[in-house]
Amino acid sequence: MKLFYSPGACSIGIHVLLEEIGKPYETQLVKLREGAQFAAEYTSVNPKSKVPALQRDDGSILTEYPAIAYWLARTNPEARLWPDDVESQVRALEMMDYLIATTHMHGFSRIFRPVGFAPSEGDAETVRARGLEIFGNGLALLDRTLAGKEYVTGAFSIADTVAFYIEFWATARNVPLPANCAAHYARMLARPSVQRVMQQEGLA
Ligand SMILES: N[C@@H](CCC(=O)N[C@@H](CS)C(=O)NCC(=O)O)C(=O)O
């Protein structure tokens, strides 16, 4: 398997899952800041020009975080990354979808690259402020979900790796984490898999 990633990007969550699984894998750096995601070398891997992408051992490529995470979890059941009961499964999916489709794509993306959402450069601050609002709403909902629990569905699952990268981005941007998110983030940082990934991506 080969993970196409960029340090500190959302691909970090898939990287954590690969470490949790513990089987051999390779990594391939995609230099997003240099625009490598738009070069033919990478669009032949992922025409969407995004990381993460995962090349499987048969050469086929998987894209989209939830699909990659689900495939890794279901094909490596011994790693216990996917809950057994339907209620926990559907809650894991619900949280991943909200955090990726709304908190990440609509919230963080507005903070990180406001020009992508702004009709003109002068609108950037308004866009960024809206991004912070959406991002904050996501953290607040995650915080309520985590109340009285160690992980999103109780036990560790693929949903926690999405929560982790959102919490990581919040911390990197000095957005305060609500208490349950802060405790969850600390719990994630204490996992050996996360520590190895932080080292490997040069973020420790
Ligand atoms: N819907 C995609 C989103 C992936 C995504 O937005 N990745 C970002 C990094 S966190 C990226 O590759 N951005 C490059 C760009 O937009 O140019 C998924 O779930 O995997």
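FYI, it's all coordinate maths here, none of it is from the lab. None of these values were measured; they are calculated from a predicted model. FYI the Cβ positions are ideal-geometry reconstructions off the backbone, even for glycines, and counts take in every protein chain you see.
Per the listing Gly13, Gly35, the residue uniquely surrounded by fewer than 16 Cβ atoms within 10 Å (Cβ to Cβ) and within 15 Å of the ligand (Cβ to nearest atom) is Gly35.
The rows are residues; the columns are (1) in contact with a helix residue (DSSP H, G or I) (Cβ under 6 Å, 6 or more places away or on another chain); (2) exposed (fewer than 13 other Cβ atoms within 10 Å of the Cβ); (3) in a helix (DSSP H, G or I).
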residue	(1), (2), (3)
Asp58	no, yes, no
Arg74	no, yes, yes
Asp84	no, yes, no
Ser88	no, no, yes
Ile100	yes, no, yes
His104	no, no, yes
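Each residue in the range 172-198 was checked for being assigned to a helix (DSSP H, G or I), under 17 Å from the mean Cα position of the chain (by Cα) and under 26 Å from Gln28 (Cβ atoms), and 9 of them qualify. Considering Arg128, Arg110, Arg144, the condition of being buried (at least 19 other Cβ atoms within 10 Å of the Cβ), among the basic types (Lys, Arg) and either part of a helix (DSSP H, G or I) or within 15 Å of the ligand (Cβ to nearest atom) (or both) is satisfied by Arg110 alone. When Ala118, Ala170 are checked against the criterion of being buried (at least 16 other Cβ atoms within 10 Å of the Cβ) and without any contact (Cβ under 8 Å) to a residue 12 or more places away in the chain, Ala118 stands alone in meeting it.
Restricting attention to the range 53-67 and to residues that are in contact (Cβ under 8 Å) with a residue 40 or more places away in the chain and closer than 14 Å to Tyr25 by Cα, the residue that is nearest to the ligand (Cβ to nearest atom) turns out to be Ala53.
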